[in-house]
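**Q** This is the structure, below, for whatever I ask next.
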Amino acid sequence: MTTTRRAAVLGGNRIPFARQFGPYAEASNQDMLTAALEGLVARHGLAGERLGEVVAGAVIKHSRDFNLTREAVLGSSLAPDTPAYDIQQACGTGLEATILVANKIALGQADSAIAGGVDSASDAPIVVPEKLRQKLLRLNRAKTPADRAKAAISLRPTDLGIQVPAATEPRTGMSMGEHMAITAARWRITREAQDELALASHQKLAAAYERGFFDDLLTPYLGLTRDQNLRPDSTLEKLGSLRTAFGSGPDATMTAANSTPLSDGASAVLLGSEEWAAAHGLKPLAFFVDGETAAVDYLGGEEGLLMAPAYAVPRMLARQGLTLQDFDLYEIHEAFAATVLSTMAAWEDEEFCHDRLGLDAPLGSIDRAKLNVTGSSLAAGHPFAATGGRIVATLAKLLHERGSGARGLISICAAGGQGVVAILEAA
Amino acid sequence: MAVEVLDGPPSTVPLLARAALTARGRHGGEVPERTLRVEDVVVDRHRLAAYQRLTGYDVSDTLPQAYPWVLAFPVQTALMARPDFPVALPGMVHLENRVTTHRRLDAAEPLTLDVTAGALRPHRRGRTLDVRLEARVAGELVWECDSVYLGRGRGSEDAPRGDAPPALPGGPAVAVWRLPDDLGREYASVSGDVNPIHLHPLSARAMGFPRHIAHGMWTYARTLAALGRGSLGPSTSRVWFTKPVFLPSTVELVVQRSGTGVLAGLRSRKDPSTTHVVVTLDA
């Protein structure tokens, strides 16, 4: 193995994203991932086809779903001898899956693959309190009737209760929104700027639907044909009237509208070598150029929880010999409007770029007209692991529309102070 | 044939009660020429999801092949509860079914359902009755089903036998299913088929069964689900309900594929020579 080859993005598919407890409330991760896969298979004529591998994952996962992706493959029309595995890197899952399969294709270890992700905030696993869990395990281990009686007697009515998972950082006990509020304040991101970004996201996503952009990127599911969260006729006045949801006092700027809602959904992206694509009558939309992950130490408050992409991007740019301005399109995941604005502010900031990134000059600003041109997570919703696949498929198609050589940057922040970024180039 | 259009799917429980109260007086050798129709039946997605979950399908927009049967069940019950219907509904046994799906059925499409009872024929354990179900979308026939039921009673030993089901392949099981005691109650709640023979040992005993048995249509749907996506598109499947599955019990799925055809069935885990269900699928 001495040379590498180009991995192409050949197409993508997702189901419309739904709000928590919406139309997908009764659908499991496996149901949704199967639906997204099946739509991709149908659109690209892959029924009965054995692919190199399928890689996907979910952030909120039942223990019974240990083989989630393999089970979804078996439920799909793909050949049952298509291998699969699960990964999980919080909101970076879908993009990390894309990087993994693109690398295997580049190395010749696979000719074709699907990368994806799914999450349900509705069909969430319910966990019993730790104390009760320990006692039940002891009861289960007990061999003699006396041991069983002893274990049973230790159960107390007060042990009962259920814990529903939340987007809370285990080490800080703070929600992602609370973390973000600190970063937003540090970068002096205003309420108005956040609301404007949120409004633009809805307007651009609505316009993309209007022009039929998603016709070959989406399969209707359980009666939904568009993202449920999309509000095409929202206004700045309406957004400005909302109460703040995170942060406190006059500094609080973050609302339910400029933060992503808890969502349900799934996405999948088809990648392959150029030879495999040609043999299957498929045209590459874009090539995968590079990917990078980064993490920050957010525990001591030195850096914001969702700022890792600000570090990942310059490392990848340096490796590629590119500047931040060398892109035709930017897809910065809107975990919160403030995430996008803080990241861009950091790249423009001389002190941050010098002290934190070790650069002689700031990375500079990006042309806002090239940012999230068909909207992003604020409008579409954000089923954690499904967002990467949504963005990769969207960007690949957008770059293809712009023509050969067009270049796009993806930046996705993730829980645990991590970030996953990548570069695609139009085929 | 006279087509009677009902206002909507009738409520099943009062019909079943009426059918039970009038069971004794039913006689005659002629089935009235009558088709009952309900137009534009809208699929309730919550019920569909519960059905899909219980029968082993993914929750999706595509109707499982046996699902229109569930949608037509109230209409079929209404037909059989009519005073001039010659066979008693309680205790009736489902023997066979043949379903053809002409194209994928989407849950968003309202279905017009026709139910027609066909001829009575002698059987060695009573009389059999043919029932035909048809589903249309905007006039287009998309799904059809022919069922054979047995009205138990005085039989005729020399009655001609129908098509015997193909023999199940031997060999190892491809899946083992443990059917819980409450399976009949669970399926009754998602399908509306509250026949007492499926619900509880006591109610089944009142109908002459040693204990309650699984719904044949559950075993059929569960088997089709296990065979993959073939029955979700254009396809024909047949099922023979050869021996009841008492609840709770453990059954084994066996499958033999040849070309586009599949032969599958359920046999008893305890006694593999007992075949409960035989299914063929051509997709």
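Each reported figure results from applying straightforward, stated rules to the coordinates on display, with no laboratory input. Just so it is clear, the structure is predicted and the values come from calculations on it, not from any experiment. Don't worry about glycine lacking a Cβ; one is built from the backbone with ideal geometry, like all the others, and counts go over all protein chains shown.
**Q** Considering only C-alpha atoms, what is the centroid distance from the stretch B:177-205 to the stretch A:241-267, in Å?
**A** 47 Å
**Q** Calculate the mean, over all residues of peptide A:349-357, of how many other protein chain Cβ atoms lie within 10 angstrom of the residue's Cβ. Don't jump to the answer; show the numbers that get you there.
**A** Numbers: counts 0, 0, 0, 0, 0, 0, 0, 0, 0.
Other-chain Cβ atoms within 10 Å of each residue's Cβ, averaged: 0.
**Q** Suppose R0 equals 25 Å. What FRET efficiency, 1/(1 + (r/R0)^6) with r the Cβ-Cβ distance, do B:Glu30 and B:Ala138 give to the nearest 0.05? Before the final figure, lay out each step's value.
**A** Working: r = 34 Å, r/R0 = 1.37.
Computed FRET efficiency for B:Glu30 and B:Ala138 comes out at 0.15.
**Q** Let me ask another. Given H placed on each backbone N at 1.01 Å, which residues far from A:Ala79 in sequence or on other chains put an amide H within less than 5 Å of it?
**A** Amide H to amide H, under 5 Å and 5 or more residues apart or across chains, A:Ala79 pairs with A:Gly48, A:Glu49, A:Arg50, A:Leu51.
**Q** Grab the beta carbon distance between A:Ala149 and B:Arg185, set R0 = 35 Å, and tell me the FRET efficiency rounded to 0.05.
**A** Details: r = 33 Å, r/R0 = 0.94.
The pair A:Ala149/B:Arg185 has a calculated efficiency of 0.60.
**Q** I would also like to ask the following. Gain in length, A:Arg243 to A:Asp290, computed as 0.36 nm per residue apart minus the alpha-carbon separation, to one decimal in nm?
**A** Numbers: separation 47, 0.36 × 47 = 16.92 nm, distance 4.06 nm.
Additional length available on full extension: 12.9 nm.
**Q** Convert each backbone phi in the stretch A:352-364 into a coupling constant with the Karplus relation 6.51 cos²θ - 1.76 cosθ + 1.60 (shift: θ = phi - 60°), then list the ³J(HN,Hα) values in order as whole Hz, x for Gly and Pro.
**A** These are the phi-based 3J(HN,Hα) values: 4, 5, 6, 6, 8, 9, x, 9, 6, 9, x, 5, x Hz.
**Q** Once every DSSP H run of n ≥ 4 in the protein assembly as shown is given -39500 (n - 2.57) and the sum is divided by its residues, what mean residue ellipticity at 222 nm do you get, rounded to the nearest 500 deg cm²/dmol? Walk me through the numbers on the way to the answer.
**A** Numbers: 20 runs with 213 residues, N = 710.
About -9000 deg cm²/dmol.
**Q** Related question: So which lysines pass the test for B:Lys243, namely a Cα distance under 28 Å, with those fewer than 8 places away in the same chain ruled out?
**A** B:Lys270
**Q** Using θ = phi - 60° and the Karplus curve 6.51 cos²θ - 1.76 cosθ + 1.60, what whole-Hz ³J(HN,Hα) does each residue of the stretch B:102-113 get, with Gly and Pro shown as x?
**A** After applying 6.51 cos²θ - 1.76 cosθ + 1.60, I find 8, 7, 3, 9, 9, 4, 7, 8, x, 10, 9, 10 Hz.
**Q** Ok, one more. So if we plug the beta-carbon distance of A:Ala256 and A:Arg138 into 1/(1 + (r/R0)^6) with R0 = 41 Å, what FRET efficiency do we get, rounded to 0.05? Write down the numbers at each step before the final one.
**A** Numbers: r = 42 Å, r/R0 = 1.04.
For A:Ala256 and A:Arg138, the calculated efficiency is 0.45.
**Q** Given B:Leu266, B:Ala20, B:Pro248, which one lies farthest toward the positive end of the charge dipole of the stretch B:3-282, if we put +1 on the Cβ of every Lys and Arg and -1 on the Cβ of every Asp and Glu?
**A** Value computed over the given set: B:Pro248.
**Q** Provide B:Ser231, A:Ser175 in ascending order of the number of other Cβ atoms located within 10 Å of each residue's Cβ, fewest first.
**A** Details: B:Ser231 26, A:Ser175 15.
Ranking B:Ser231, A:Ser175 by Cβ neighbours within 10 Å, fewest first, gives A:Ser175, B:Ser231.
**Q** Now, a different point. Compute the semi-axes of the equivalent ellipsoid of chain B, taking the square root of 5 times each eigenvalue of the Cα gyration tensor, and list them largest first in whole Å. Before the final figure, lay out the partial values.
**A** Working: eigenvalues 140, 115, 70 Å².
Working from the Cα gyration tensor, I get semi-axes of 26, 24, 19 Å.
**Q** Could I ask something else about it? Along the charge dipole of the stretch A:1-135, pointing to its positive end and built from +1/-1 on Cβ of Lys, Arg, Asp and Glu, which listed residue (A:Met32, A:Ala18, A:Ala106) has its Cα farthest out?
**A** A:Ala106
**Q** With a/c under 1.5 counting as rounded, go ahead and sort the stretch A:145-227 into rounded, prolate or oblate using the C-alpha gyration tensor (a ≥ b ≥ c being the square roots of the eigenvalues; past the cut-off, prolate if a/b is larger than b/c, else oblate).
**A** The shape class here is oblate.
**Q** List the chymotrypsin sites (Phe, Trp or Tyr not before Pro) within the stretch B:186-266 that DSSP assigns to loop and that have no more than 15 neighbouring Cβ atoms inside 10 Å. Each step should come with its number before you reach the end.
**A** On the way: sites: B:Tyr187, B:Trp218, B:Tyr220, B:Trp240, B:Phe241, B:Phe246; in loops: none.
Passing both the DSSP loop test and the Cβ count: no residue.
**Q** Using the Cα centre of the stretch A:170-285 as origin and beta-carbon charges of +1 (Lys, Arg) and -1 (Asp, Glu), tell me which of A:Gly240, A:Leu282, A:Ala207 is placed farthest towards the positive end of the dipole.
**A** Working it through, the farthest residue towards the positive pole turns out to be A:Gly240.
**Q** Would you please classify the overall shape of chain A from the alpha carbon gyration tensor, given that a ≥ b ≥ c denote the square roots of the eigenvalues, rounded means a/c under 1.5, and beyond that prolate means a/b larger than b/c while oblate covers the rest? Let's see the in-between values first.
**A** Values: a/c = 1.57, a/b = 1.14, b/c = 1.38.
Verdict is oblate for chain A.
**Q** Moving on to the next point. Using per-residue counts of other Cβ atoms within 10 Å, averaged over each peptide, order B:58-71, A:228-241, A:343-356 from highest down.
**A** Working: B:58-71: 23.9, A:228-241: 15.1, A:343-356: 17.4.
Peptide ranking by packing, descending: B:58-71, A:343-356, A:228-241.
**Q** Would you mind working out the magnitude of the charge dipole of the protein assembly as shown relative to its Cα centre, with +1 at each Lys and Arg C-beta and -1 at each Asp and Glu C-beta, to the nearest 20 Debye?
**A** With only Lys, Arg, Asp and Glu charged at Cβ, the dipole is about 3380 debye.
**Q** Over chain A, what is the relative contact order in percent, taking alpha-carbon pairs closer than 8 angstrom and at least six residues apart?
**A** On the way: 1008 pairs, mean separation 115.2, N = 427.
Computed over chain A, the figure is 27 percent.
**Q** If you don't mind, another one. How big is D, in µm² s⁻¹, for the stretch B:165-244 by Stokes-Einstein at 10 °C and 1.306 mPa s if Rh is the Kirkwood radius over C-alpha pairs?
**A** Working: Rh = 14.3 Å.
Calculated translational D: 111 µm²/s.
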